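Working notes, structure below.
The values are calculated or read from the model by the stated rules, or taken from the named source; none is laboratory data. Small disclaimer: the values here were computed from a predicted structure and weren't measured. When we count neighbours, we look across all protein chains shown, and the Cβ atoms used for this are built from the backbone with ideal geometry, even at glycine.
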Amino acid sequence: MSKIKKGVKLDHISKIYQDPKTGKDFYAVKDVSLDIEPGSFVTLLGPSGCGKTTTLRMIAGFESPDEGEIYLGEEAINALTPNKRDTAMVFQSYALLPHYNVFDNVAYGLKLRKVPKDEIRERVMRILDLVELSGMEGRMTNQLSGGQQQRVALARALVIEPGVLLFDEPLSNLDAKLRVSMRTEIRRIQQEVGITAIYVTHDQSEAMALSDNIIIMNQGVIAQMGSPREVYYQPNSEFVADFIGEANFLKGVMTGMEGDHAILEIEGSKTPVQPKEGMTVGETYTAVLRPESAALADTGGLPCKVVLSCFMGSYQNYHVMVGDTLVKLTDYNPKNKRIYDVGETCSLVFDPAYVHIL
Amino acid sequence: MARSQSAALDRKKLMADPVMVGTIVVLITFLTLFILYPLAILLVDSFYGDGGPTFDIFRRVLDMPTFRRAITNTLKVGFLVGILSAAVGLLFAYVEVYVKVGRAVGGLFKVVSMLPVVSPPFVLSLSMIMLFGKAGLITRFLLHIYDNSVYGFWGIVIVQTLTFFPVCYMMLKGLLKNIDPSLEEAARDMGAGRMRVFTSVTLPLLLPGLGNAFLVTFIESIADFANPMIIGGSYDTLATTIYLQITGAYDKQGAAAMAVVLLTITLLMFAVQKYYLEAKTAATLTGKASRGRMLIEDKSVTRPLTALCSLAAAFVIIMYLCVPIGALFPTWGYKFTPLTFKWFQQVFTRYKGFKAFRDSFVLSLISAPITALLSMIISYLVVKRKFKGKGFIEAVSMLAMAVPGTVLGVGYIRGFSGGVFHTGFLQGIYGSAAILIIVFVVRSLPTGTRSGISALRQIDKSIEESAYDMGADSFKVFMTVTLPLIKDSFLSGLVTAFVRSITAISAIILLVTPQFLLITVQINEFAEKGSYSIACAFATILILITYGAVLLMNLFIRFFGTSRQIKEDM
């Protein structure tokens with residue numbers, strides 16, 4: 001597929017809505033600036049109401065921003081209607097035209113562009129082949145399964161070769177298993193076509209599996225942007241740490257340095273952690289500890305007491321109290337390990353490098 | 001925080017769509033000129049005398065005892081008809097939804113709900129007179145009562161109740177179906193008897209809906225012109241008084257003031273119904289029933305209820321049958337055999353029946369597609385688009401629902417006979433076919449819009465957005481996506497508009513000129529003269545035409561409509 005990939009730039013974009021109950025204006029999206037590289041896959045991730053869908057709909061042209069300018073490639077597109085924008089959207093509800101069959105659904109955009117008939121046929125067939133729906137072109141859309149409808153929606157968006165592909169929670173209507181296989185599929189097709197894609201979801205594992213970059217939004221503003229690894233291992237706030245994966249937060253006062261490690265006093269016990277820049281002695285810091293980054297041991301580390309111990313097959317699930325702080329742990333491959341029972345006192349141990357200071 | 005940028009951008013985007021802008025401008029002009037303006041001119045006329053603003057005209061009409069009596073008459077009739085219609089409607093709806101009934105009874109219900117739709121408005125008045133009047137088949141020949149008078153209060157009440165209760169029945173049926181059976185089962189489970197369940201669960205849930213049905217009928221009743229005209233006798237209602245004020249007393253200014261009074265009453269009712277009761281109904285009866293209801297099979301319940309409903313339904317059907325049969329008797333009330341077609345012949349040979357049917361048919365046929373298309377466009381704009389002026393379009397097209405035909409007719413006379421604002425502008429349309437067509441369109445627009453809106457609300461917004469996103473402009477989206485998806489609604493809107501137009505009378509009777517013969521006006525004339533046989537012959541042919549149109553529509557929908565599968569999918 002030969003197509004100019006386009007980048008997307010959001011320059012201080014805000015959107016104001018009116019609260020229907022109180023009648024007050026509020027920022028649904030506030031001062032969002034983004035620079036999306038051509039050909040990259042970017043996910044807007046966040047809880048419902050965080051402004052991710054509004055942002056996407058502003059890029060598509062269904063909503064108009066109240067502040068700032070949106071660029072598609074080099075072109076400022078604020079005043080363009082959706083039909084004049086070089087974007088194509090895959091909708092949450094698929095939004096296939098129910099009175100058309102698969103072929104006509106996919107061909108719809110090409111017909112509007114007055115593409116010659118032979119070329120339409122060829123391009124539609126090629127795309128249907130890409131999404132593995134060859135032979136289905138004569139079916140009505142209601143004769144398709146959810147996953148197949150999703151593929152038609154994707155094919156319809158791809159076939160017009162847009163500068164940017166937009167996804168609005170496209171997998172949320174599928175069952176869990178299909179969701180996993182479809183997301184691999186979407187990533188494969190996006191890489192094969194090499195198209196720029198912006199994907200909205202509230203499902204963090206979807207965001208992890210798909211994206212080159214994740215943009216986490218909260219209450220209309222960007223909380224953090226970065227690669228999946230960055231946002232997972234170096235979250236910049238408790239919100240991000242908690243939203244991406246599971247996180248334990250250990251609060252402690254820095255007492256000094258020991259070699260390369262900073263020493264935090266957590267719940268009365270001192271423990272070394274990987275420092276971050278600009279730490280000062282005497283300040284309180286929050287350490288993020290992922291459940292899989294720590295383990296229980298008989299001695300060393302932070303003293304703790306087991307309050308839940310549950311066998312989950314691939315891992316043993318623990319809840320332990322370190323002083324007054326609850327810490328959740330997942331101990332993988334527990335078959336030949338010592339299992340700690342509820343009520344036992346033991347030690348919470350972790351590699352200082354696995355702890356991230358906020 | 002300023003939303004000025006998005007407002008400016010939305011405006012820019014709208015302007016990039018000339019078809020859409022053009023449509024909106026045309027719509028707003030049409031609604032303003034043909035709905036708002038005629039009503040406004042009534043206000044101006046009745047508050048503005050020779051020497052400036054004045055209450056004199058109002059004082060004058062309110063001093064007329066006939067007018068004061070008409071107000072109380074109208075309210076009395078409306079109130080009683082509202083209550084009776086809601087009660088009978090509830091009985092039918094309850095039996096249909098809750099009671100196990102035989103197939104035949106179910107069929108009877110369907111016929112009863114269908115009949116008022118395809119009949120001209122005064123058919124029941126005709127048959128009432130023919131069955132129960134002085135020379136009535138039942139009163140005189142069965143019961144040997146020779147001086148029974150059906151004219152007046154009770155005549156109107158009975159006829160209007162029979163005409164309007166099917167509307168209540170359909171409304172309440174929908175609501176009852178939405179009541180979750182488990183609520184009632186829970187009450188039963190806790191020890192409530194069937195009657196107790198009805199009074200403590202079903203009825204309270206239904207109460208706002210009943211109020212709604214009552215008010216809708218109330219409005220219909222006080223706006224009704226045809227029935228009081230024929231069966232009212234000397235018992236005048238507002239609609240007939242206004243008509244007589246124009247055609248009898250030639251007092252157009254007084255009629256305008258009277259029309260303002262009638263309009264005020266209906267608008268008040270409408271406001272309560274629309275903004276208070278409808279919201280309440282939606283709040284108590286929202287969502288779908290989770291599963292089917294166990295129908296009542298207890299014979300001690302089903303038998304009396306079924307019998308009652310069947311009797312009522314049979315009565316209604318006999319009333320309707322009376323019209324075609326009446327047209328076949330040589331002389332009604334005097335000579336019943338042999339049956340003859342002479343009245344039908346006379347319709348065409350003596351009474352210019354052909355011209356009447358052609359005029360009515362052609363005018364309705366022209367107005368129907370205009371109405372259907374306009375109402376679909378309005379519904380599309382209201383449901384799917386955001387723009388300035390949308391509130392105006394929605395409000396005015398809903399307002400038209402509350403305007404009685406007589407009021408609109410007077411408004412058109414005052415508004416257009418001397419041109420717009422008496423300037424001579426557009427004076428040409430007064431008395432022409434154009435104004436008749438426009439009245440037909442305006443009178444049927446609210447029904448079409450309402451059904452269009454509810455059809456469109458069921459279509460996922462993103463289906464149209466996706467087409468828009470693929471590169472279609474508003475016009476393309478409407479033609480390739482919206483219209484095909486609401487084809488059924490469009491087709492039935494087309495036929496409803498046609499049927500409503502060809503059976504319309506209240507506004508049109510004030511505006512029609514001798515140049516045009518309209519069937520309904522003819523029927524009214526003959527009925528008033530007491531030539532019931534001719535009136536029946538006219539009415540029979542009219543019913544055949546409308547019924548034929550409905551049959552045709554159903555056939556059309558079956559073969560060309562949106563397939564059932566697609567509907568289920570949406």
May I ask you to list the residues in the range A:159-218 that are under 28 Å from A:Asp242 (Cα atoms) and of a type in the set (Val, Ile, Thr)? A:Val180, A:Thr184, A:Ile186, A:Ile198, A:Val200, A:Thr201, A:Ile214, A:Ile215, A:Ile216
Failed criterion for B:Gly530 (all others in (1) at pLDDT 85 or above; (2) away from every other protein chain (no Cβ under 14 Å) hold): (1)
Lone unmet requirement of (1) outside any helix (DSSP H, G or I); (2) within 14 Å of chain A (Cβ to nearest Cβ); (3) within 21 Å of B:Val25 (Cα to Cα); (4) not aliphatic (A, V, I, L, M) for B:Phe425: (2)
Could you list, in sequence order, all residues of the range B:1-42 that are away from chain A (no Cβ under 12 Å), under 20 Å from B:Lys476 (Cβ atoms) and small (Gly, Ala, Ser)? B:Gly22
Condition test on A:Glu192, is it touching a residue at least 24 places away in the same chain (Cβ under 8 Å) and either in contact with a strand residue (DSSP E or B) (Cβ under 9 Å, 6 or more places away or on another chain) or of a type in the set (Ser, Thr, Tyr) (or both)? no
Determine whether B:Ser375 is buried (at least 23 other Cβ atoms within 10 Å of the Cβ), assigned to a helix (DSSP H, G or I) and out of contact with any Gly (no Cβ under 9 Å at 6 or more places or on another chain). no
Please find, within the range A:1-32, the residue that is modelled with the lowest pLDDT out of those that are charged (D, E, K, R) and outside any strand (DSSP E or B). A:Lys3
Does B:Gly493 satisfy the criteria of being farther than 21 Å from B:Ile377 by Cβ, away from chain A (no Cβ under 12 Å), in a helix (DSSP H, G or I) and among the small types (Gly, Ala, Ser)? no
One residue is enough: does the range B:244-260 have a residue meeting the conditions out of contact with any His (no Cβ under 8 Å at 6 or more places or on another chain), closer than 23 Å to B:Ala504 by Cβ, charged (D, E, K, R) and part of a helix (DSSP H, G or I)? yes
Only residues that are surrounded by fewer than 18 Cβ atoms within 10 Å (Cβ to Cβ), part of a helix (DSSP H, G or I) and not acidic (Asp, Glu): list them for the range A:114-126, please. A:Lys117, A:Arg121, A:Met125, A:Arg126
Hey, can you tell me all the residues within the range A:137-149 that are more than 13 Å from chain B (Cβ to nearest Cβ) and modelled with pLDDT under 90? A:Glu137, A:Gly147
Out of (1) within 11 Å of another protein chain (Cβ to nearest Cβ); (2) under 18 Å from A:Thr53 (Cβ atoms), the odd one out for A:Pro162 is which? (2)
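Does A:Glu63 satisfy being at the interface with another protein chain (Cβ under 7 Å from one of its Cβ atoms), crowded, with 18+ Cβ neighbours inside 10 Å and among the acidic types (Asp, Glu)?
Values: at the interface with another protein chain (Cβ under 7 Å from one of its Cβ atoms): no; crowded, with 18+ Cβ neighbours inside 10 Å: yes; among the acidic types (Asp, Glu): yes.
Spelling it out, it is not the case that A:Glu63 is at the interface with another protein chain (Cβ under 7 Å from one of its Cβ atoms), crowded, with 18+ Cβ neighbours inside 10 Å and among the acidic types (Asp, Glu).
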From (1) touching a residue at least 60 places away in the same chain (Cβ under 8 Å); (2) buried (at least 22 other Cβ atoms within 10 Å of the Cβ); (3) under 27 Å from A:Arg123 (Cα atoms), pick out the condition that doesn't hold for A:Ile214. (3)
Whether any residue in the range B:420-431 is at pLDDT 85 or above and in the same structural domain as B:Asp488 (by TED's automatic domain parsing) is what I want to check. no
Any residue at all in the range B:476-492 that's within 30 Å of B:Pro228 (Cα to Cα) and either out of contact with any strand residue (DSSP E or B) (no Cβ under 7 Å at 6 or more places or on another chain) or of a type in the set (S, T, N, Q) (or both)? yes
Only one of B:Leu162, B:Leu172, B:Leu84, B:Leu126 that is part of a helix (DSSP H, G or I), outside the structural domain of B:Ser501 (by TED's automatic domain parsing) and either acidic (Asp, Glu) or surrounded by fewer than 23 Cβ atoms within 10 Å (Cβ to Cβ) (or both): B:Leu84
Scan B:Ser46, B:Ser113 and give me the residue that is over 30 Å from B:Gly389 (Cα atoms) and either surrounded by 18 or more Cβ atoms within 10 Å (Cβ to Cβ) or touching a strand residue (DSSP E or B) at 6+ places or on another chain (Cβ under 7 Å) (or both). B:Ser113
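Return yes when A:Pro116 is closer than 30 Å to A:Ser64 by Cβ, out of contact with any strand residue (DSSP E or B) (no Cβ under 8 Å at 6 or more places or on another chain) and not aliphatic (A, V, I, L, M) and no when it is not. So that I can check it myself, show each step before the final result.
Values: closer than 30 Å to A:Ser64 by Cβ: no; out of contact with any strand residue (DSSP E or B) (no Cβ under 8 Å at 6 or more places or on another chain): yes; not aliphatic (A, V, I, L, M): yes.
Here the answer is no, as A:Pro116 does not meet what is asked.
Could you grab me the full set of residues in the range B:464-484 that are touching a residue at least 12 places away in the same chain (Cβ under 8 Å) and more than 9 Å from every other protein chain (Cβ to nearest Cβ)? Spell out how you get there, then give the answer.
To start, the set of residues in the range B:464-484 that are touching a residue at least 12 places away in the same chain (Cβ under 8 Å) comprises B:464, B:467, B:473-475, B:477-478, B:480-484.
Of everything in the range B:464-484, those that are touching a residue at least 12 places away in the same chain (Cβ under 8 Å) and more than 9 Å from every other protein chain (Cβ to nearest Cβ) turn out to be B:Phe475, B:Phe478, B:Thr482, B:Leu483.
Has the range A:172-179 got at least one residue that is under 21 Å from A:Ala60 (Cβ atoms) and in a strand (DSSP E or B)?
We begin by selecting, within the range A:172-179, every residue under 21 Å from A:Ala60 (Cβ atoms); these are A:172-173.
Next, only the ones that are in a strand (DSSP E or B) stay: none.
Checking the range A:172-179: not a single residue is under 21 Å from A:Ala60 (Cβ atoms) and in a strand (DSSP E or B).
Please determine whether any residue of the range A:52-59 is at the interface with another protein chain (Cβ under 8 Å from one of its Cβ atoms) and not acidic (Asp, Glu).
In the first step, residues of the range A:52-59 are kept if they are at the interface with another protein chain (Cβ under 8 Å from one of its Cβ atoms); the result is none.
Checking the range A:52-59: not a single residue is at the interface with another protein chain (Cβ under 8 Å from one of its Cβ atoms) and not acidic (Asp, Glu).
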From the set of residues in the range A:67-113 that are of a type in the set (Phe, Trp, Tyr) and more than 7 Å from every other protein chain (Cβ to nearest Cβ), which is surrounded by the most Cβ atoms within 10 Å (Cβ to Cβ)? A:Tyr94
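Given the criterion under 21 Å from A:Ala157 (Cα atoms), surrounded by fewer than 22 Cβ atoms within 10 Å (Cβ to Cβ) and within 14 Å of chain A (Cβ to nearest Cβ), identify the matching residue among B:Lys461, B:Lys487. Steps first, answer last, please.
Numbers: B:Lys487 fails: under 21 Å from A:Ala157 (Cα atoms).
Going through B:Lys461, B:Lys487 in turn, just one is under 21 Å from A:Ala157 (Cα atoms), surrounded by fewer than 22 Cβ atoms within 10 Å (Cβ to Cβ) and within 14 Å of chain A (Cβ to nearest Cβ): B:Lys461.
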